[in-house]
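Inspection log for the structure reproduced underneath, given as structure tokens.
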Amino acid sequence: MSTASFGRLGHLLRWLGVTLVVLFCLHLLALMTSWNWALEPFRAFLVDRLTGESPMALVGLLLMLFGSRLDHPTDGRTPLRWTVVTISGLLALAMLGAIPLSISSSQELEQQVSKSDAALAQQTTDLERQKQQLEDPAFINQLITQGEQSGQLPATDSLEIKQQKARRVIETQLKPQLQRAEQQLGQARLGRDLAIQQRRFVGTGTAVVLAIGFVLLALVALL
């Protein structure tokens, strides 16, 4: 590849890198306009946005550094490299600050979940009781009595026919309702567990890895 080709490639890489860094700054700017540090949900959202968008800035800074190396392989610490060092250092500090925030947010979420666990446990108990009730012969007689009182079961029907109709109501209406309620409980438990694991491993873990990555990038830019 010719020197001119290297120059064009370096120029392109620099502009691609700058574009990614500017996009990252714009995303953060949209969040800063609604700054409310006193609210825990805002702090949690800030950590999520910071750790989620920072890889874009990391790639952008890396492209800027590659472009600078291609254009000026023998030059020392150019202004562009100092820019990479400065931004990388600031983002590394931001990631270090995001780690305790993510841990605190995770603990807060776990406390909220522990409060909702009692409600989920009560709903589970109620569902199990209702499922057992459907298998109780006395419940069929109760349905028959209710059907007779409401006029849904004619008095001229035999007991066997009334029992068949009551069982049909159980199979076609009551059991599907319980199944839907059980699925909703399962989804609630899954959402709860995913939220905790997401905050614990993805949020905190990503902040740690990104902090290391930005520090390494700053060190490479200084070489």
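One table, with the values for the structure above:
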| quantity | calculated |
| --- | --- |
| Checking Ala44 against (1) surrounded by 14 or more Cβ atoms within 10 Å (Cβ to Cβ); (2) under 26 Å from the mean Cα position of the chain (by Cα); (3) modelled with pLDDT of 85 or more; (4) hydrophobic (A, V, I, L, M, F, W, C), the condition it does not meet | (3) |
| Any hit, segment 53-61, residues being assigned to a helix (DSSP H, G or I), within 18 Å of the chain's Cα centre (by Cα), among the hydroxyl-bearing types (Ser, Thr, Tyr) and at pLDDT below 80 | no |
| Matching helices (runs of 4 or more DSSP H) fully within segment 123-223 where at least 1 residues are closer than 30 Å to Ala57 by Cα | 175-197, 204-222 |
| Filter result for the condition that a residue is over 16 Å from Glu40 (Cβ atoms), modelled with pLDDT under 90 and of a type in the set (A, V, I, L, M, F, W, C), over Ala119, Ala98, Ala92 | Ala119 |
| Filter result for Phe24 (crowded, with 20+ Cβ neighbours inside 10 Å and under 22 Å from Ala211 (Cα atoms)) | yes |
| Output for segment 194-223, where each listed residue is within 13 Å of the chain's Cα centre (by Cα), open to solvent by 90 Å² or more (accessible area, probe 1.4 Å) and free of Cβ contacts under 8 Å to residues at least 24 places away in the same chain | Leu194, Gln198, Phe201 |
| Odd one out for His72, checked against (1) modelled with pLDDT under 80; (2) surrounded by 19 or more Cβ atoms within 10 Å (Cβ to Cβ) | (2) |
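Every residue, every condition in (1) of a type outside the set (Ser, Thr, Tyr); (2) more than 23 Å from Glu108 (Cα to Cα), yes or no:
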position: Lys175; (1), (2): yes, yes
position: Gln184; (1), (2): yes, yes
position: Leu194; (1), (2): yes, no
position: Thr204; (1), (2): no, no
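The values are calculated or read from the model by the stated rules, or taken from the named source; none is laboratory data. Just so it is clear, the model here is predicted, and its values are computed rather than measured. Counting neighbours? That spans all protein chains shown, and the Cβs are built from the backbone with ideal geometry, glycine included. For accessibility, only protein heavy atoms count, side chains too; no ligands or nucleic acids. Shrake-Rupley method; radii C 1.70, N 1.55, O 1.52, S 1.80 Å.
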